[in-house]
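**Student:** The structure that follows is given in the form of C-alpha cells.
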Amino acid sequence: MGTSSESRLMEDIIIECLKIYGFDAYYLPRTTVFKDDVLNEDALNSYDQAYRLEMYLSNVTGFEGEGDLLTKYGVEIRDTATFIVARRRWEEAVKRVGKVQLEARPAEGDIVYFPLTKSYFEIRRVETTDPFFQVGKFNVFKLECEL
C-alpha cells in the first residue's frame, strides 16, 4: 500500500501532470434557490461562485456524445466531455473556501466552464473510484459532463 510520504509524492506528481497537460477551467457550485416539493426538483438554481482549477480533458480528440441531432422539436446538442481534477486541489480551492452543496466531492448539477471553447458543461456523473489508483489511494475525480 505504501507509506504516507509515498502517497503524498504520488499525489504531487498527479497534480503536476494535471498542471502541465491540463488547462485552467472554472468550477461553479450550484446553490438551490427554489425547490419544487411537489415534483421534487430544483426549479431555480444560482451559480454565484467560481473556482479556478487545473483540469485535464480526457477525450482530447473532440467532444463525445451523440453530437447534434435534428428532431421535430428543434436542434439538440448532445456533446459530452470528461474532465479529471485532483482531489487535493479541489479540496484546497473549493471545499475549504466556499460553501458547496456536497462537501466531500463535486456534485451532479454543478457547472464546469471551459474557457478554450467558451462552453459550459453540467456535471452529470462524478466517478470517485475509477482513475489513478496508486499507492492505495484515489487521487482524482473524474467528471462526466454534458454541454
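Condition check ((1) modelled with pLDDT of 65 or more; (2) surrounded by fewer than 20 Cβ atoms within 10 Å (Cβ to Cβ)) across all residues:
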residue	(1), (2)
Arg52	yes, yes
Thr61	no, yes
Glu64	no, yes
Gly67	no, yes
Thr71	no, yes
Val85	yes, no
Glu92	yes, yes
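**Student:** Test Tyr120 against the criterion of being touching a strand residue (DSSP E or B) at 6+ places or on another chain (Cβ under 8 Å), at pLDDT 85 or above, open to solvent by 80 Å² or more (accessible area, probe 1.4 Å) and within 17 Å of Gln49 (Cα to Cα), and give yes or no.
**Tutor:** Values: touching a strand residue (DSSP E or B) at 6+ places or on another chain (Cβ under 8 Å): yes; at pLDDT 85 or above: yes; open to solvent by 80 Å² or more (accessible area, probe 1.4 Å): yes; within 17 Å of Gln49 (Cα to Cα): yes.
Considered against the rule, which asks whether it is touching a strand residue (DSSP E or B) at 6+ places or on another chain (Cβ under 8 Å), at pLDDT 85 or above, open to solvent by 80 Å² or more (accessible area, probe 1.4 Å) and within 17 Å of Gln49 (Cα to Cα), Tyr120 comes out as yes.
**Student:** While we're on this one: Does any residue in the stretch 6-26 that is closer than 30 Å to Tyr120 by Cβ come within less than 6 Å, Cβ to Cβ, of a residue that is open to solvent by 80 Å² or more (accessible area, probe 1.4 Å) and of a type outside the set (A, V, I, L, M, F, W, C) six or more places away or on a different chain, and which pairs are these?
**Tutor:** From residues that are closer than 30 Å to Tyr120 by Cβ, the pairs are Asp24/Arg52; Tyr26/Arg52.
**Student:** Residues of the stretch 94-117 being exposed (fewer than 14 other Cβ atoms within 10 Å of the Cβ), among the aliphatic types (A, V, I, L, M) and at pLDDT 80 or above, which ones? Don't jump to the end; show me each part of the working.
**Tutor:** Restricting attention to the stretch 94-117, the residues satisfying the condition of being exposed (fewer than 14 other Cβ atoms within 10 Å of the Cβ) are 96-97, 99, 103-104, 115-117.
Now restrict to residues that are among the aliphatic types (A, V, I, L, M): 97, 104, 116.
Answer for the stretch 94-117, where residues must be exposed (fewer than 14 other Cβ atoms within 10 Å of the Cβ), among the aliphatic types (A, V, I, L, M) and at pLDDT 80 or above: just Leu116.
The values are calculated or read from the model by the stated rules, or taken from the named source; none is laboratory data. Not measured: the values here are computed from a predicted model. Don't worry about glycine lacking a Cβ; one is built from the backbone with ideal geometry, like all the others, and counts go over all protein chains shown. These area figures cover heavy atoms from the full protein model, side chains too; ligands, DNA and RNA do not enter into them. Shrake-Rupley method; radii C 1.70, N 1.55, O 1.52, S 1.80 Å.
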